[in-house]
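> Can you keep this structure in mind? I'll have questions shortly.
The values are calculated or read from the model by the stated rules, or taken from the named source; none is laboratory data. All values derive from a computational prediction rather than experimental measurement. Neighbour counts run over all protein chains shown; Cβ positions are idealised from the backbone, glycine included. In case anyone asks, the SASA skips ligands and DNA or RNA and just uses the protein heavy atoms, side chains included. Shrake-Rupley method; radii C 1.70, N 1.55, O 1.52, S 1.80 Å.
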Amino acid sequence: MSIQALTREEALKALASRDTGLTAAEARRRLEEYGPNEIREVRRTPLWRRFLAQFSHFLAVLLWIAAFLCFLSAYFQPEEGLGRLGWAIIGVILVNALFTFIQEYRAERTLAALKGLLPFNVTVRREGALTTIPAREVVPGDILLLEAGDKVPADARLLTASRLMVNLAPLTGESAPVARNAEPFPGEYLDSPNLVFAGTLVVNGSGEAVAVATGMATEFGKIAHLTAGVEPGLSPLQRELARLTRVVAVIALILGLGFFALGVAIGRGFWQNFLFAVGIIVANVPEGLLPTVTLSLALGSQRLARKKALVKNLNAVETLGSVEVICSDKTGTLTENRMQVQEMWLPPGAGSGPQFGHRLLLTIAGLCNNAVLTGGGYQGDPTEVALLQAVRELQADLTGERLREVPFDADRKRMSTVHRVQGETLVLTKGALETVLPRCSRVILGPEAVPLTEAQRQEIQTACEGLMDRGLRVMAFAFRPLAPEEQAALPPDEVLESRLSFVGLMGLADPVRPEVPQAVATCQAAGIRVLMVTGDAGRTALAVARQVGLAGEQTRVMEGPELEALSDEELKDRLRQGEPVFARMTPRHKLRVVTALQEMGLRVAVTGDGVNDAPALRQADIGVAMGLIGTDVAREAADLVLLDDNFATMVAAVAEGRAIFENIRKFIIYIFAHLTPEVVPYVLYSFLPLPLPLTVMQILAIDLGTETLPALALGVERVEPALMRRPPRSGPLLDWEVFFRGYVFLGLSSCLGVLFAYFTVLHAGGWSWGQVLPLEDPLARQAATATFLGIVLMQVANVLACRSSLESLRSIGLFSNRLLWAGIVLELLLAAFLIYHPWGQEIFDTAPLPGWVWLTLVPFAALILLLEEGRKFRRRRAAAGG
């Protein structure tokens, strides 16, 4: 059924409706048949499945295995007390799962409160009477009443239209309103001027329409369905964590099995070897990784929420920090989605300020205008609103009686009114220069209208082109007084709009958000490419791109038809050559650009606010939607919602994301640093006649107890200033630098202090080389406790060393992270409790140590900090080129 090609009567008949509207009973029946007029959420994962998913990812499985081994050990050797450890690990899994799930659920509920694209209530005619109903109850065949300021609730065929103008930007990305009429149209459905579409905005005039499609059957709904068909993949952070846990699992198993085999080879008992192998495996599993990552992401999302950015998915924060390309929409994202008069131009000699030509230009702009100022502000077409605002700011006394109007339409591209102003009847005309100037025979110079010469026509045309080259939408203004005989009987439209006197030009633009140029510059300094991908016109897009710093003199504009003609490889070649401005992009075009960038190995973020942006938002590594002007579909497809529609908030999000990634790396280096001093003493114990240097319970006391709070505090380190002057990260989360700095540099440095404390306590207790002491021996317990304390104190130095990979402690502030110092204090108190309290001694096989042992370890902790500061100094000098 080509509803657009039918007459009014035929359209009503085809939809089984009538001028008086549907009956209440018929409306109820159709509501049951077609369902509510709302966009259904496709492929929504049930809450219970999303919660259970927190227990089944790879790192959680690794922790489950560690807990199982603890319970298995407790079953065969209950006296070792490993059952308590197993429950502790399960507690870590449960707390982390709840923490992650609750944070994401709260963000989702907050987003649900933003849903408001479709109007809550609409006016319809049913059984001959006007009534207001919820938008979700609109059904096909309902007669809708539309006025300026209304959002269209359903796809509908116009029955009447009076100066009706509709902004299709939420659907097409085109910011210029288009005229609508009620005449039959033989062309394509989407191009039909007698149709209005769900989610679009009536900016001027009024009309009646019969609903054609509702809910998911609307064009709005079809794009929502297309969006749902794009399968989101794992985020970069999720991929990195999966790789990290696989590597850690391999290391843990190799070490565990290796030490088990080593123990068997040197003749130790099975259970003794098995228990220590379990300890080594559990020691290498970073139990605090998930809480630290979740805390970092949650705190980052909370900081962004205070800056008006809502994070729907915690991983989205870090993902944004890793992006290499941002594809940004123009209207409403880089610009304010609000037209403004930026320049007025009068022919040379026409005068300015309060002189005649200037006053006349403002009079035409204000009276030949259908925008109105009400108690709620300006209403009408954005261009006319901008003209009226400019007029009222410059000329408050604007009075005149309108006698007639020749309305604007897309073909004529002009509008005229007949007004009586101060006793004189005038024809006032405004429109595109190419339609106004040919109807002019004179030009206003000073207070006089003189014949318009060909040279003056060329001068006006040149001025117009100059304004357009700056991306301004140019309106031309003309007038003529009506002769007395014409006033008695107004002539036809064509005659009214003839023999006009040209007055001047106004250049209008959708102003760039003032903070956007700096935000773009910051992104570029951080090595992030920013591409404009918009549905707007090429010339306007290029001008805005130049204003915000996205385009230079040689930048090319690529419009939809040109993109269609390119193969995928040709498109990728264009993207490698520079940053083109993409204009006249359809949803399919935007999706193709994003996909091409991803196939080039780049991480892509997409910003947008319209339905047309949704598929690309879903396909991107991270989608960023506007919260105030954004559509429901765009917000649903996005990972991050900017509640203030401020592109500059992206910069804060990028910085937060980079900081989170760095903080996770710091945490990994920190936990790797304690593995070496845990393993090396046992290696010596395996080959040399030494007392046991460390028990399994002491290892786990470190992993799950003393170092946990300082490790979590690393997750809240502030953004380092230099972080936004580095290119996007290209390496993995776990690389050679992380291994070397953690296992080798900090790990071996820690071993010096740990082994010194161990052997010093043995020597002070009278131990001689080759003497094997059972763990029950007080001296053996003291020596193992000294090893335990040495690792704890070395980790205090390590956590301070890990606060930055490049910056010195002095530059970042020794006490700037208060949570870290609170964690250190609690770490030391817990260590003291385990060493000196009878409960700790009983559970963890510790013994009291004299105070001098603590003092002996302090110089070694200071040495770690000194060595690390030297390493950072050399790195900074190398980065500075000298």
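> Give the residue that is nearest to Val604 (Cα to Cα), with candidates limited to residues of the range 229-248 that are out of contact with any Phe, Trp or Tyr (no Cβ under 6 Å at 6 or more places or on another chain), modelled with pLDDT under 75 and assigned to a helix (DSSP H, G or I).
Pro236
> Next question, about the same structure. Just to be sure before I move on: is Gly471 crowded, with 20+ Cβ neighbours inside 10 Å and touching a Phe, Trp or Tyr at 6+ places or on another chain (Cβ under 6 Å) in the structure I sent?
The answer is no for Gly471.
> In the list Glu869, Glu827, Glu842, Glu807, which residue meets the criterion of being modelled with pLDDT of 90 or more, among the acidic types (Asp, Glu) and open to solvent by 40 Å² or more (accessible area, probe 1.4 Å)?
Every option except Glu869 fails the conditions.
Residues checked against (1) modelled with pLDDT of 85 or more; (2) open to solvent by less than 50 Å² (accessible area, probe 1.4 Å); (3) assigned to a loop (DSSP other than H, G, I, E, B):
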| position | (1), (2), (3) |
| --- | --- |
| Met344 | yes, no, no |
| Ala350 | no, yes, yes |
| Gly357 | no, yes, no |
| Leu361 | yes, yes, no |
| Ala365 | yes, yes, no |
| Asn370 | no, yes, yes |
| Leu373 | no, no, no |
| Thr383 | no, yes, no |
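> Something else: Can you list the strands (runs of 3 or more DSSP E) lying wholly within the range 504-595 that have 3 or more residues being in contact (Cβ under 8 Å) with a residue 40 or more places away in the chain?
Correct list: 529-532, 581-583.
> Another question, then. Counting only residues that are open to solvent by 10 Å² or more (accessible area, probe 1.4 Å) and part of a loop (DSSP other than H, G, I, E, B), how many does the range 493-503 have?
2
> If a residue has to be modelled with pLDDT of 85 or more, in a strand (DSSP E or B) and either closer than 22 Å to Arg30 by Cα or of a type in the set (A, V, I, L, M, F, W, C) (or both) to count, how many in the range 180-228 make the cut?
Summing the residues that are modelled with pLDDT of 85 or more, in a strand (DSSP E or B) and either closer than 22 Å to Arg30 by Cα or of a type in the set (A, V, I, L, M, F, W, C) (or both) in the range 180-228 gives 8.
> For the range 577-600, name all the residues that are charged (D, E, K, R) and modelled with pLDDT of 90 or more.
Listed by number, the residues that qualify are Arg592, Glu599.
> Oh, and also: Take Phe120 and tell me if it is open to solvent by 30 Å² or more (accessible area, probe 1.4 Å), modelled with pLDDT under 80 and on the phi < 0 side of the Ramachandran plot.
It is true that Phe120 is open to solvent by 30 Å² or more (accessible area, probe 1.4 Å), modelled with pLDDT under 80 and on the phi < 0 side of the Ramachandran plot.
> What's the number of the only condition in (1) in contact with a Pro (Cβ under 8 Å, 6 or more places away or on another chain); (2) part of a helix (DSSP H, G or I); (3) over 30 Å from Val323 (Cβ atoms); (4) open to solvent by less than 40 Å² (accessible area, probe 1.4 Å) that Tyr670 fails to meet?
Going through the list (1) in contact with a Pro (Cβ under 8 Å, 6 or more places away or on another chain); (2) part of a helix (DSSP H, G or I); (3) over 30 Å from Val323 (Cβ atoms); (4) open to solvent by less than 40 Å² (accessible area, probe 1.4 Å), Tyr670 breaks only (3).
> Look through the range 11-22, keep the residues that are in contact (Cβ under 8 Å) with a residue 40 or more places away in the chain and exposed (fewer than 13 other Cβ atoms within 10 Å of the Cβ), and return whichever of them is nearest to the chain's Cα centre (by Cα).
Ala16
> Within the range 413-437, can you find the residues that are β-branched (Val, Ile, Thr) and closer than 20 Å to Arg163 by Cα?
Thr417, Val418, Val427, Thr429, Thr435, Val436
> Name the residue, out of Gly705, Gly657, Gly715, that is small (Gly, Ala, Ser) and either modelled with pLDDT of 80 or more or more than 27 Å from Ala298 (Cα to Cα) (or both).
Just a single option satisfies the conditions, and that option is Gly657.
> Further question: For the range 58-69, how many residues meet the condition of being within 19 Å of Ala97 (Cβ to Cβ) and touching a residue at least 40 places away in the same chain (Cβ under 8 Å)?
Within the range 58-69, residues that are within 19 Å of Ala97 (Cβ to Cβ) and touching a residue at least 40 places away in the same chain (Cβ under 8 Å) number 6.
> So which of Ala97, Ala66 ends up being part of a helix (DSSP H, G or I), modelled with pLDDT under 80, surrounded by 20 or more Cβ atoms within 10 Å (Cβ to Cβ) and within 27 Å of the chain's Cα centre (by Cα)?
So the residue among Ala97, Ala66 that is part of a helix (DSSP H, G or I), modelled with pLDDT under 80, surrounded by 20 or more Cβ atoms within 10 Å (Cβ to Cβ) and within 27 Å of the chain's Cα centre (by Cα) is Ala97.
> Let me ask you something else. Just to be sure I understand the filter: pairs with C-beta atoms under 6 Å, separated by 6 or more residues or on different chains, first member in the range 379-404 and more than 15 Å from Leu428 (Cα to Cα), second member β-branched (Val, Ile, Thr) and surrounded by 17 or more Cβ atoms within 10 Å (Cβ to Cβ). Which pairs pass?
Asp381/Val203; Ala386/Val341; Ala390/Val341
> Kindly list the number of the only condition in (1) touching a helix residue (DSSP H, G or I) at 6+ places or on another chain (Cβ under 6 Å); (2) open to solvent by 40 Å² or more (accessible area, probe 1.4 Å); (3) aliphatic (A, V, I, L, M) that fails for Ala521.
With respect to (1) touching a helix residue (DSSP H, G or I) at 6+ places or on another chain (Cβ under 6 Å); (2) open to solvent by 40 Å² or more (accessible area, probe 1.4 Å); (3) aliphatic (A, V, I, L, M), Ala521 is out only on (1).
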